[in-house]
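Chemist: First the structure, then my questions, so here it is.
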Amino acid sequence: MRSRKFFLSIVVLVSLIAVFPTFAQDNVGSGLTIGFAQVGTESAWRTAFTAATIAEAEARGINLLYVDGQNNQDTQIAALRSFIQQGVDAIILAPVVETGWDQVLQEVQAAGIPLVIVDRNVTADPSLYFTRVASDFVHEGRLAAAWLAQATAGVCNIVELEGTVGSSAARDRQIGFNEVISLFPNMHILLSQSGDFLRDSGYAVMDGIIASEDMSQICAVWSHNDDMAIGAAQAMMDHGIDPGNDILIVSVDAIPDIFLAMMNGDTNATVELSPAMAGPAFDAIVAHLAGQEVPRNIAVSGGLFLPATAADEYARRTQQ
Ligand code: AHR
């Protein structure tokens with residue numbers, strides 16, 4: 001097992017790495033009709049991802065058939081079947097959960113339509129899609145834990161706000177985080193509850209925990225996304241607890257609102273999940289349709305962001 005020193009050096013290294021946005025390659029894919037089955041609108045990150053995908057398609061002249069899955073697998077499965085009916089050139093699926101996709105993906109394959117998985121993963125046979133564009137969720141969890149270990153000198157009782165149950169994002173972030181805190185005998189997850197990646201649920205779950213637990217024993221909240229973290233911070237404030245000071249908060253996504261919260265001293269760290277997945281996905285589809293080899297996995301990367309750069313990050317992300 002790697003040493004503490006190794007994980008803490010990650011914090012320093014990764015916080016120096018910036019994300020390189022993909023630039024719309026005008027007209028690459030022009031004229032294609034592509035079906036996009038999105039998870040829903042559950043978080044600010046998700047809506048930013050959708051907006052970036054629609055803008056990328058427009059810039060390339062791609063006819064994008066966007067379907068909001070409303071955080072529901074059956075809705076997404078129905079969308080895939082309607083894309084088959086419409087005879088699209090390719091499909092992009094952002095799956096809400098991991099399991100239950102084999103049947104419909106076999107139908108897509110039988111129709112001869114190439115499919116790309118973006119963001120969360122599926123357990124379906126990999127031969128049913130030709131590539132996945134995604135971030136390393138395990139790595140995101142490790143980064144969050146490495147920062148917290150450094151910020152608390154490895155002594156901390158933690159409340160975990162989990163994402164959507166059954167999603168690879170929630171499961172893998174939990175695995176990465178637990179892997180790192182297992183190196184620290186005085187770091188413990190005392191409570192873990194799902195807020196389904198929703199800001200309101202982040203509030204409601206934290207409100208319930210504050211009502212039932214001795215919060216003086218809690219040192220930090222580890223939230224699987226920024227929206228739940230912002231909800232939890234508000235619940236703390238409503239109970240007279242000072243988020244970001246009395247209780248540290250670390251989360252994932254790097255949405256603009258988390259930088260506002262950092263500027264107000266209400267949260268402490270976020271691991272970025274890049275919403276720029278459409279460019280690599282469209283490029284992969286064009287290459288695949290041209291008979292070119294496409295890697296099985298296409299990674300998007302993100303950095304660790306702290307209050308020191310929050311004002312600049314907020315300005316950069318809200319003026320793009
Ligand atoms: O799958 C990625 C996660 O989905 C994001 O971190 C979260 O904001 C969204 O709901």
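The values are calculated or read from the model by the stated rules, or taken from the named source; none is laboratory data. Model, not experiment: these values are computed from the prediction. Backbone-built Cβ (ideal geometry, glycine too); neighbour counts: all protein chains shown. Accessible surface is based on the protein model in full, side chains and every heavy atom, while ligands, DNA and RNA are left aside. Shrake-Rupley method; radii C 1.70, N 1.55, O 1.52, S 1.80 Å.
Chemist: Would you please name the residue that is surrounded by the fewest Cβ atoms within 10 Å (Cβ to Cβ), looking only at residues in region 265-307 that are modelled with pLDDT of 95 or more and hydroxyl-bearing (Ser, Thr, Tyr)?
Modeler: For region 265-307, the residue satisfying everything is 274.
Chemist: Separate question: Residues in region 273-294: is at least one away from the ligand (no atom under 16 Å from the Cβ) and either touching a Cys at 6+ places or on another chain (Cβ under 9 Å) or among the hydroxyl-bearing types (Ser, Thr, Tyr) (or both)?
Modeler: Checked region 273-294: no residue is away from the ligand (no atom under 16 Å from the Cβ) and either touching a Cys at 6+ places or on another chain (Cβ under 9 Å) or among the hydroxyl-bearing types (Ser, Thr, Tyr) (or both).
Chemist: Consider region 86-121. How many of its residues are open to solvent by 10 Å² or more (accessible area, probe 1.4 Å) and either small (Gly, Ala, Ser) or within 16 Å of the ligand (Cβ to nearest atom) (or both)?
Modeler: Summing the residues that are open to solvent by 10 Å² or more (accessible area, probe 1.4 Å) and either small (Gly, Ala, Ser) or within 16 Å of the ligand (Cβ to nearest atom) (or both) in region 86-121 gives 9.
Chemist: Counting only residues that are β-branched (Val, Ile, Thr) and not in a helix (DSSP H, G or I), which one in region 194-230 is farthest from the ligand (Cβ to nearest atom)?
Modeler: Filtering first and then ranking leaves 218.
Chemist: Within region 152-169, restricting attention to residues that are of a type in the set (A, V, I, L, M, F, W, C) and surrounded by fewer than 24 Cβ atoms within 10 Å (Cβ to Cβ), which residue is nearest to the ligand (Cβ to nearest atom)?
Modeler: 165
Chemist: Which residues, counting only those in region 68-94, are touching a residue at least 60 places away in the same chain (Cβ under 8 Å) and closer than 18 Å to residue 167 by Cβ?
Modeler: Result: 71, 92.
Chemist: Report yes if some residue within region 232-241 is surrounded by 24 or more Cβ atoms within 10 Å (Cβ to Cβ), within 15 Å of the ligand (Cβ to nearest atom), closer than 30 Å to residue 56 by Cβ and touching a residue at least 40 places away in the same chain (Cβ under 8 Å); otherwise report no.
Modeler: Scanning region 232-241 turns up no residue that is surrounded by 24 or more Cβ atoms within 10 Å (Cβ to Cβ), within 15 Å of the ligand (Cβ to nearest atom), closer than 30 Å to residue 56 by Cβ and touching a residue at least 40 places away in the same chain (Cβ under 8 Å).
Chemist: Ok, one more. Here are some residues: 274, 251. Which one is touching a strand residue (DSSP E or B) at 6+ places or on another chain (Cβ under 6 Å), in contact (Cβ under 8 Å) with a residue 60 or more places away in the chain and hydroxyl-bearing (Ser, Thr, Tyr)?
Modeler: Only one candidate qualifies: 251.
Chemist: Before we move on, is residue 174 touching an Asp or Glu at 6+ places or on another chain (Cβ under 9 Å), free of Cβ contacts under 8 Å to residues at least 40 places away in the same chain and either open to solvent by less than 20 Å² (accessible area, probe 1.4 Å) or not hydrophobic (A, V, I, L, M, F, W, C) (or both)?
Modeler: no
Chemist: Which pairs turn up if I take residues in region 189-210 that are under 21 Å from residue 179 (Cβ atoms) and look for partners that are part of a helix (DSSP H, G or I) and at pLDDT 95 or above with beta carbon separation below 7 Å, at least 6 apart in sequence or on another chain?
Modeler: From region 189-210, the pairs are 191/209; 193/205.
Chemist: Follow-up question, since we're still on this one. Hey, can you tell me all the residues within region 122-144 that are more than 16 Å from residue 288 (Cα to Cα), open to solvent by 20 Å² or more (accessible area, probe 1.4 Å) and touching a residue at least 24 places away in the same chain (Cβ under 8 Å)?
Modeler: Within region 122-144, 123, 136, 138, 139, 142 meet the criteria.
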